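Novice: Dropping the structure in here first, questions after.
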Amino acid sequence: TKMDFAAFSAPKVLPGKYQIKLRINKKELLDTIELYHKDSEDYTLADRKLQFDVCMKFYRMHEQLARVVEDISNRQKWIKETIPQIKNSKNKKFLEEYDHKLEDLRSGLLASKQKSIFADEERLRERISDAYGSIVGEQMKPSKMIIDRASDLQTEVDQAEKDKNRIIEEHSAKFEKIVKSEKVVLKIKS
């Protein structure tokens, strides 16, 4: 997949007391700092909390999507490891179709083609990253549009997870039956 630059920006922490821990070899240094928020007409503490909450929604979406893609990729590895061991052509075709269904879903979730450092494709991950990037560095109340965007994108991520689960449910019993009947040895662990 292409590099996703959204990971280079983190949500700004909220005001409060934080412990800083520095570990060098076996020595650990601890200190505490307190961050304050200075209200302005354009950026109140309530605005800052809302901005943090919206950023964290996008952040968690990235994590959820990464888990979905990782599960798909692991299953595809199992399938690709299994196919060369299959003797029955119908079983082999079933596994190839299973892999294609998973790949169709995965390729709709994150860009995989890159001709330059800029995105040549835009998939769900890139739409989340764009929305996240538009708010993470700001010091202003999030717009209704970006709040709605978070809700819409979360719906897409949830649907992707449901689609993944449905595809796996539809194929896992037969996959296990094939593995058992053809005495396949799987080397990849989940």
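Novice: Would you pick out the residues in segment 104-116 that are open to solvent by 40 Å² or more (accessible area, probe 1.4 Å) and at pLDDT 90 or above? Spell out how you get there, then give the answer.
Specialist: The first filter runs over segment 104-116 and keeps only residues open to solvent by 40 Å² or more (accessible area, probe 1.4 Å), leaving 104, 112-116.
D104 - this is the single residue of segment 104-116 that is open to solvent by 40 Å² or more (accessible area, probe 1.4 Å) and at pLDDT 90 or above.
Novice: Take E28 and decide whether it is open to solvent by 80 Å² or more (accessible area, probe 1.4 Å) and closer than 23 Å to D158 by Cα.
Specialist: Numbers: open to solvent by 80 Å² or more (accessible area, probe 1.4 Å): yes; closer than 23 Å to D158 by Cα: no.
No; evaluated as a whole, the condition is false for this residue.
Novice: Another question, if that's okay. Answer yes or no: is there a residue in segment 74-94 that is surrounded by fewer than 11 Cβ atoms within 10 Å (Cβ to Cβ), at negative phi, of a type in the set (G, A, S) and assigned to a loop (DSSP other than H, G, I, E, B). Walk me through it before giving the result.
Specialist: Keep residues of segment 74-94 that are surrounded by fewer than 11 Cβ atoms within 10 Å (Cβ to Cβ), which gives 84, 87, 89-90.
Those still in the list that are at negative phi too: 84, 87, 89-90.
Checking which are of a type in the set (G, A, S) leaves us with 89.
Within this subset, residues satisfying the condition of being assigned to a loop (DSSP other than H, G, I, E, B) are none.
For segment 74-94, residues surrounded by fewer than 11 Cβ atoms within 10 Å (Cβ to Cβ), at negative phi, of a type in the set (G, A, S) and assigned to a loop (DSSP other than H, G, I, E, B): absent.
Novice: What's the number of the condition A119 fails, among (1) over 30 Å from V13 (Cβ atoms); (2) at pLDDT below 95?
Specialist: (1)
Novice: Out of all the residues in segment 10-23, is one or more under 30 Å from S112 (Cβ atoms), outside any loop (DSSP other than H, G, I, E, B) and at pLDDT below 90? Write out each step before concluding.
Specialist: Residues of segment 10-23 that are under 30 Å from S112 (Cβ atoms), as a first pass: 10-11.
This time we only want the ones that are outside any loop (DSSP other than H, G, I, E, B), so: none.
The answer is no, given that none of the residues of segment 10-23 is under 30 Å from S112 (Cβ atoms), outside any loop (DSSP other than H, G, I, E, B) and at pLDDT below 90.
Novice: Sticking with this one: Restricting segment 135-146 to residues that are touching a residue at least 24 places away in the same chain (Cβ under 8 Å) and not hydrophobic (A, V, I, L, M, F, W, C), which is least open to solvent (accessible area, probe 1.4 Å)? Please lay out each step first, then the result.
Specialist: Of segment 135-146, the ones touching a residue at least 24 places away in the same chain (Cβ under 8 Å) are 135-142, 146.
Those left that are additionally not hydrophobic (A, V, I, L, M, F, W, C): 137-139, 141-142.
Values: G137: 53, E138: 78, Q139: 122, K141: 114, P142: 12 Å².
Step by step, filter segment 135-146, then rank; the result is P142.
Novice: Going through R166, R149, R127 one at a time, which residue ends up being farther than 30 Å from D39 by Cα, open to solvent by 70 Å² or more (accessible area, probe 1.4 Å), of a type in the set (K, R) and part of a helix (DSSP H, G or I)?
Specialist: On the way: R149 fails: farther than 30 Å from D39 by Cα; R127 fails: open to solvent by 70 Å² or more (accessible area, probe 1.4 Å).
Testing whether each residue is farther than 30 Å from D39 by Cα, open to solvent by 70 Å² or more (accessible area, probe 1.4 Å), of a type in the set (K, R) and part of a helix (DSSP H, G or I) leaves just R166.
Novice: If I filter segment 29-45 for residues that are touching a residue at least 12 places away in the same chain (Cβ under 8 Å), in a helix (DSSP H, G or I) and under 26 Å from A150 (Cα atoms), do I get at least one hit? Before the answer, list the steps.
Specialist: Filtering segment 29-45 down to residues touching a residue at least 12 places away in the same chain (Cβ under 8 Å) leaves 31-37, 42-45.
From what's left, in a helix (DSSP H, G or I): 45.
From what's left, under 26 Å from A150 (Cα atoms): 45.
Looking for residues that are touching a residue at least 12 places away in the same chain (Cβ under 8 Å), in a helix (DSSP H, G or I) and under 26 Å from A150 (Cα atoms), one finds at least one in segment 29-45, hence yes.
The values are calculated or read from the model by the stated rules, or taken from the named source; none is laboratory data. Owing to the predicted nature of the structure, the values given are computational and were not obtained by experimental measurement. Cβ atoms come from the backbone with ideal geometry, glycine included; neighbour counts cover every protein chain shown. Accessible surface areas use protein heavy atoms only, side chains included; no ligands, DNA or RNA. Shrake-Rupley method; radii C 1.70, N 1.55, O 1.52, S 1.80 Å.
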